[in-house]
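The values are calculated or read from the model by the stated rules, or taken from the named source; none is laboratory data. Here the structure is a predicted model, which is why all the values come from computation and not from measurement. Virtual Cβ from ideal backbone geometry, glycine too; neighbours counted across all protein chains shown. Calculation scope for accessible area: heavy atoms of the full protein, side chains included, ligands and nucleic acids excluded. Shrake-Rupley method; radii C 1.70, N 1.55, O 1.52, S 1.80 Å.
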Amino acid sequence: MDMTLTNARIVLDGEVIEGSLHVRDGRIAGIDSGPSTLPGAEDMGGDYVIPGLVELHTDHLENHYAPRPKVRWNPIAAVCAHDAQIAASGITTVFDALRVGLDEDTDITSEDMRRLAEAIEAGVAKDRLRADHFIHLRCEVSAPNCLESFAVFDNDPRVRIASLMDHSPGQRQFASLEAYAIYYKGKMKMSDAEFNAFCERRMAQSAQWSDANRKVVAEKARARGIVLASHDDATNAHVDEAIELGIRVAEFPTTLEAARASKGQGLAVLMGAPNVVRGGSHSGNVSARDLASHGLLDILSSDYIPFSLIQSAFFLGEVVEEIELPQAIAMVSKTPALSAGLEDRGEIAIGKRADLVRVRVEEHIPIVRTVWREGRRVV
């Protein structure tokens, strides 16, 4: 199928041009300055055309599958609802984060995660989905059942990323016990005594399981060619450990020190788009805007709000003078694609997949008007 988009502000790698874009057989076939006179060219009315966004880490699928405690939705319906929201947010490639290793803040099980994985895979196979879906395994290495849960995904070809995380109190994301108390006491409605016992149990589990599980999961992931990400690194020692394990992406570093060390070691630094929009971390850790201003931010992830990805890309240049729009768009398209080993997408360039988003900005909010995946309209 051929398609021509004209009268568009096209965001390329490093510049924005006013011109036309030609698509043939799902690939970008031509990029021209100025309007097109070809019959059937679609007038973009001066809107932006950007590459389809690439989301490496979103937990949002669980909200559709388990919308209330002990409520489980049909997994196929949950995946389709999630996919619709993802695509309408301009995301054309998504890595759905599924839990490996279950802690006591959830009643989700490994069987639930497997059901969701199978629903994703069936959706891909039967062409039910608007976006291109892969799986990201969020491995809670402090959990006693981490390796057992990881084995549930043996030989699963949709698994392309695994992140290694430890959410026990007193370190990494929750170095502040006060922040940990606010998060977990509010989420689980614990008394002080229950919270103290919970903390002691989680710290004991971390001491017993984290180091060994971290090493085994990393070894298994490397053997399968799965991209490894660290999670919530806070110190130089954490980054050194990440390098030893073969980590390629530093997700959500919690300090400037860790972000600087990660960047210095050649890791791609990923931060949350909600952090950019809100102006800070909900856990009280380093601001993504601060990392951007220091040249230490490479990738943004929507994390728990799908629309925050495109919102942060258009917003970042307004709040960080060192960042211009093409650079911000690369943080949500080209750089995450390359970090995940997907070289066929993520930028508007000849020969790349025609994963495209038409965007109009109104009152500082990007309005997603049309989305194409491989030249086929999906929104």
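May I ask you to verify whether Ser20 is modelled with pLDDT of 95 or more, surrounded by 15 or more Cβ atoms within 10 Å (Cβ to Cβ), not in a helix (DSSP H, G or I) and not charged (D, E, K, R)?
Taking the combined requirement at face value, the residue satisfies it.
Those residues that are charged (D, E, K, R) and in contact with a strand residue (DSSP E or B) (Cβ under 6 Å, 6 or more places away or on another chain), I need them from the stretch 104-134; list them, please. Steps first, answer last, please.
Pass one, the stretch 104-134, residues charged (D, E, K, R): 104-105, 107, 111-112, 114-115, 118, 121, 126-128, 130, 132.
Within the stretch 104-134, just Asp132 meets the criteria.
Which one is farthest from Arg345 (Cα to Cα), of the residues in the stretch 52-97 that are open to solvent by less than 10 Å² (accessible area, probe 1.4 Å) and assigned to a helix (DSSP H, G or I)? Talk me through it step by step, then tell me what you get.
Taking the stretch 52-97 first, the residues open to solvent by less than 10 Å² (accessible area, probe 1.4 Å) are 52-58, 61, 65, 78-79, 82-83, 86-87, 89-97.
Restricting the remaining residues to those that are assigned to a helix (DSSP H, G or I) gives 61, 65, 78-79, 82-83, 86-87.
On the way: Leu61: 23, Tyr65: 29, Ala78: 26, Val79: 23, His82: 22, Asp83: 19, Ile86: 17, Ala87: 16 Å.
If we take residues in the stretch 52-97 being open to solvent by less than 10 Å² (accessible area, probe 1.4 Å) and assigned to a helix (DSSP H, G or I), then Tyr65 is farthest from Arg345 (Cα to Cα).
Would you be able to tell me the number of residues in the stretch 23-51 that are part of a loop (DSSP other than H, G, I, E, B) and at negative phi? Outline the logic, then answer.
Keep residues of the stretch 23-51 that are part of a loop (DSSP other than H, G, I, E, B), which gives 25-26, 34-41, 44-47.
Among the residues that remain, those that are also at negative phi are: 35-39, 41, 44, 47.
Selection size over the stretch 23-51: 8.
Any residue that is of a type in the set (A, V, I, L, M), more than 16 Å from Glu347 (Cβ to Cβ), open to solvent by less than 10 Å² (accessible area, probe 1.4 Å) and modelled with pLDDT of 95 or more - is there at least one of those in the stretch 23-46? First the steps, then the outcome.
Applying the first criterion (of a type in the set (A, V, I, L, M)) to the stretch 23-46 yields 23, 28-29, 31, 38, 41, 44.
Okay, now just the ones that are also more than 16 Å from Glu347 (Cβ to Cβ), so 38, 41, 44.
Cutting the leftovers down to open to solvent by less than 10 Å² (accessible area, probe 1.4 Å) gives us 44.
Add one more test, that the residue is modelled with pLDDT of 95 or more, and what stays is 44.
There is at least one residue in the stretch 23-46 that is of a type in the set (A, V, I, L, M), more than 16 Å from Glu347 (Cβ to Cβ), open to solvent by less than 10 Å² (accessible area, probe 1.4 Å) and modelled with pLDDT of 95 or more.
Identify the single condition in (1) open to solvent by 10 Å² or more (accessible area, probe 1.4 Å); (2) touching a residue at least 60 places away in the same chain (Cβ under 8 Å); (3) in contact with a strand residue (DSSP E or B) (Cβ under 8 Å, 6 or more places away or on another chain) that Arg376 does not satisfy, given that it satisfies every other one.
(3) is the only condition that Arg376 fails.
Please determine whether any residue of the stretch 59-67 is touching an Asp or Glu at 6+ places or on another chain (Cβ under 8 Å), within 30 Å of Glu140 (Cβ to Cβ) and among the acidic types (Asp, Glu).
Scanning the stretch 59-67, I find at least one residue that is touching an Asp or Glu at 6+ places or on another chain (Cβ under 8 Å), within 30 Å of Glu140 (Cβ to Cβ) and among the acidic types (Asp, Glu), so the answer is yes.
If we keep just the residues of the stretch 132-154 that are more than 26 Å from Val378 (Cβ to Cβ) and of a type in the set (Asp, Glu), which is least open to solvent (accessible area, probe 1.4 Å)?
Glu140
Got a number for residues in the stretch 293-328 being in a helix (DSSP H, G or I), open to solvent by less than 30 Å² (accessible area, probe 1.4 Å) and more than 24 Å from Thr255 (Cα to Cα)?
Taking the stretch 293-328 first, the residues in a helix (DSSP H, G or I) are 293, 308-319, 325-328.
Still in the list and also open to solvent by less than 30 Å² (accessible area, probe 1.4 Å): 308-310, 312-314, 316, 326, 328.
Among the residues that remain, those that are also more than 24 Å from Thr255 (Cα to Cα) are: 310, 314, 326.
Here the count works out to 3.
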